[in-house]
Amino acid sequence: MDEEELHERINLLDSDAVAAWQARHAAVLLGWLRRRGVATADAEEIWNDALLATVRAAPGLLPRGVSLRRYAFGVARRQLADRLRRPRVDTTTMTGDVADQALRPAPVDQRRVNALKECVREASPQHRLIVELKGEGASTDEMAGVLRIDAGSVYQVWRRAKLALRECIEGKLR
């Protein structure tokens with residue numbers, strides 16, 4: 001099967017076509033991620049996200065065939081950028097008093113709470129709404145309906161809202 005035929009069959013959610021497309025492109029994308037220093041487990045997680053997003057977006061992608069690979073790499077680039085922006089946390093085994101202290105609730109940092117409230121008030125209407133919906137435990141489909149966006153886009157809106165709030169809070173705490 002050529003790439004165009006695969007694309008058309010993926011539009012129909014043909015599992016054989018998805019498997020064939022994955023067999024052709026997974027190693028290339030995983031290798032690209034590994035060359036950028038991404039651990040194997042993280043690279044596979046990014047690939048899975050990219051594959052799912054690509055299959056969901058396939059019906060709207062043009063030109064048929066090559067756009068699938070372009071889209072998958074675009075998703076992978078954004079996922080990689082998100083991971084690189086995240087602060088890295090050192091995890092160690094806690095013993096004795098340190099473990100007991102870790103179980104106690106941390107004191108509330110009122111400055112941080114006030115900064116968060118102020119940043120939520122200043123956020124765009126879409127970001128403010130998704131934060132409220134997420135806080136109420138709304139499902140992805142419910143959030144998509146309220147925001148009038150595709151269910152597949154809810155994650156991106158939520159991610160952008162979190163990043164904007166984090167930057168705002170850090171700016172206010174400086």
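Could you give me the residue pairs with C-beta distances under 6 Å whose first residue belongs to the stretch 117-141 and is of a type in the set (D, E), whose second residue is not in a loop (DSSP other than H, G, I, E, B) wherever it lies, and which are 6+ apart or on separate chains?
Between residues of the stretch 117-141 that are of a type in the set (D, E) and residues that are not in a loop (DSSP other than H, G, I, E, B), the close pairs are D141/A151.
Give me a count of the residues in the stretch 1-37 that are surrounded by fewer than 15 Cβ atoms within 10 Å (Cβ to Cβ) and either basic (K, R) or touching a helix residue (DSSP H, G or I) at 6+ places or on another chain (Cβ under 6 Å) (or both).
Matching residues across the stretch 1-37 total 4.
Find all pairs meeting these conditions: Cβ atoms under 6 angstrom apart; at least six residues apart or on different chains; first residue within the stretch 15-32 and within 14 Å of V75 (Cα to Cα) and at pLDDT below 95; second residue of a type in the set (G, A, S) and in a helix (DSSP H, G or I).
Every condition considered, the pairs that remain are L29/A76; L30/A43.
Filter the stretch 1-19 down to the residues that are more than 15 Å from A58 (Cα to Cα) and of a type in the set (A, V, I, L, M) and list them by number.
M1
Need at least 1 residues that are at pLDDT 90 or above per element, so show me which helices (runs of 4 or more DSSP H) inside the stretch 68-174 make the cut, counting only ones lying wholly within it. Full working, then the answer.
On the way: elements: 96-103, 110-122, 125-135, 140-147, 154-173.
The helices (runs of 4 or more DSSP H) meeting that bar are 110-122, 125-135, 140-147, 154-173.
Identify, please: which residue in the stretch 38-67 is hydroxyl-bearing (S, T, Y) and surrounded by 15 or more Cβ atoms within 10 Å (Cβ to Cβ) and is, among those, modelled with the highest pLDDT? Please lay out each step first, then the result.
Here is the first cut: in the stretch 38-67, the residues hydroxyl-bearing (S, T, Y) are 40, 54, 67.
Next cut, surrounded by 15 or more Cβ atoms within 10 Å (Cβ to Cβ) only: 54, 67.
On the way: T54: 92, S67: 89.
Only one residue fits best here, namely T54.
Of the residues that sit in the stretch 68-77 and are of a type outside the set (F, W, Y) and in contact with a Ser or Thr (Cβ under 7 Å, 6 or more places away or on another chain), which one is surrounded by the most Cβ atoms within 10 Å (Cβ to Cβ)?
A72
From V120, V154, grab the single residue that is closer than 20 Å to R86 by Cβ and either surrounded by 13 or more Cβ atoms within 10 Å (Cβ to Cβ) or hydroxyl-bearing (S, T, Y) (or both).
Sole residue among the options that is closer than 20 Å to R86 by Cβ and either surrounded by 13 or more Cβ atoms within 10 Å (Cβ to Cβ) or hydroxyl-bearing (S, T, Y) (or both): V154.
The values are calculated or read from the model by the stated rules, or taken from the named source; none is laboratory data. For clarity, every value in this text was computed on a predicted model and none was experimentally measured. Every residue, glycine among them, receives a Cβ derived from its backbone with ideal geometry; neighbour counts consider all protein chains shown.
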